[in-house]
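A quick write-up on the structure given underneath.
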Amino acid sequence: MARLDRPVSRRQSQWLLLAAVTAFAPLAMHMPMWLALCAGAAFAWRAWLIQRGGRLPPRWLLVLLVIAGSLGVFFEYRSLFGRTPGIALLLIFLSLKLMELRAPRDAVVTVLLCYFLILGQFLFTQTLLTAFMTCLAVVITTAALLAAHNDRPTVKQHFEHAGRLLLQALPFMLLL
């Protein structure tokens, strides 16, 4: 039970940030400029906090940022529902969830948000390049999930384990 109470390590934060950036990058061109810049700024801020070992922002600031982001999406699309507003909200939630990474459950929520954003790429385009980038993002996100539970293995071991898990899931995917 003590394992669930431990804080997210620096290395785990780096993995989660990498997963978030790879999930976000292909969607950046489909999002409004202000939202892409805000998400990029949040990712850069989190990278700076990881590098410097800085304190995470207070909860009240994150609540204000969520409200401001949600209002921005509403004013941009005149709705919070639909394909593009939904993906935009997911992007806001992901970028701000990285700012409150404290416990392993936060890491799991971050990974799930990454998977939803990766899936959201197919709502905009279904090209082979999208499929390739999605596969790469899924491997990185799965490796981040593995690192969230055990950050001792090397980067190579995380990627090998993620690749094995995804290959084992391939027959089920084809069946479904």
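The values are calculated or read from the model by the stated rules, or taken from the named source; none is laboratory data. Predicted model only: the values in this text are computed from it and were never measured. Reconstructed Cβ throughout: ideal geometry from the backbone, glycine too, with neighbour counts over all protein chains shown. Please note that ligands, DNA and RNA were not included when accessible areas were found on the heavy atoms of the full protein model with its side chains. Shrake-Rupley method; radii C 1.70, N 1.55, O 1.52, S 1.80 Å.
What FRET efficiency would be calculated for the residue pair residue 74, residue 52, taking the C-beta separation as r and a Förster radius of 30 Å, to the nearest 0.05?
Efficiency, from the Cβ-Cβ distance: 0.30.
Only helices reaching 30 angstrom along their own axis (Cα) with mean Kyte-Doolittle hydropathy no lower than -0.5 count here, and for the DSSP H runs of the chain these are 128-149, 155-175. Along the charge dipole of the chain, which of 38, 75, 13 sits closest to the positive end, that is, farthest toward it, with unit charges on the beta carbon of Lys, Arg, Asp and Glu (+1, +1, -1, -1)? Most positive-ward Cα: 13. Extending 7 Å from the Cα toward the beta-carbon at both residue 175 and residue 115 defines two label points whose distance is 1.8 nm.
By how many nm would the segment from residue 151 to residue 167 grow when fully extended, if each residue of separation counts as 0.36 nm and the alpha-carbon distance is taken off?
Working: separation 16, 0.36 × 16 = 5.76 nm, distance 2.18 nm.
Extra length from residue 151 to residue 167 when fully extended: 3.6 nm.
In the elastic network of the chain, a GNM with C-alpha springs shorter than 10 Å, the most mobile of 62, 27, 16 is 62. For the stretch 11-43 versus the stretch 71-100, the inter-centroid distance based on Cα atoms is 13 Å. Taking amide hydrogens as placed 1.01 Å from N in the peptide plane, the amide H of residue 103 sits under 5 Å from those of 8, each at least 5 positions away in sequence or on another chain.
Rolling a 1.4 Å probe across the protein heavy atoms gives the chain an accessible surface of 58 Å² per residue.
Can you classify the chain as rounded, prolate or oblate using the Cα gyration tensor, where a ≥ b ≥ c are the square roots of its eigenvalues, rounded means a/c under 1.5, and otherwise it's prolate if a/b beats b/c and oblate if not?
Working: a/c = 1.96, a/b = 1.09, b/c = 1.79.
It comes out oblate by the Cα gyration axes.
Build a GNM of the chain with springs between Cα atoms under 10 Å apart, and of 21, 108, 63 the one that fluctuates most is 63.
Among 44, 107, 143, which one shows the highest mean-square fluctuation when the chain is modelled as a Gaussian network with alpha-carbon springs under 10 Å? Checking each option, the largest mean-square fluctuation is seen for 44.
For the stretch 1-100, the gyration tensor built on C-alpha atoms gives a prolate shape. Its axis ratio a/c (a ≥ b ≥ c) is at least 1.5, and a/b is the larger of a/b and b/c. Full extension of the segment from residue 63 to residue 160, taken as 0.36 nm per residue of separation minus the current Cα-Cα distance, would add 31.1 nm. Listed peptides 49-57, 69-77, 84-92 appear in the order 84-92, 69-77, 49-57 once ranked by packing, highest mean of other Cβ atoms within 10 Å at the front.
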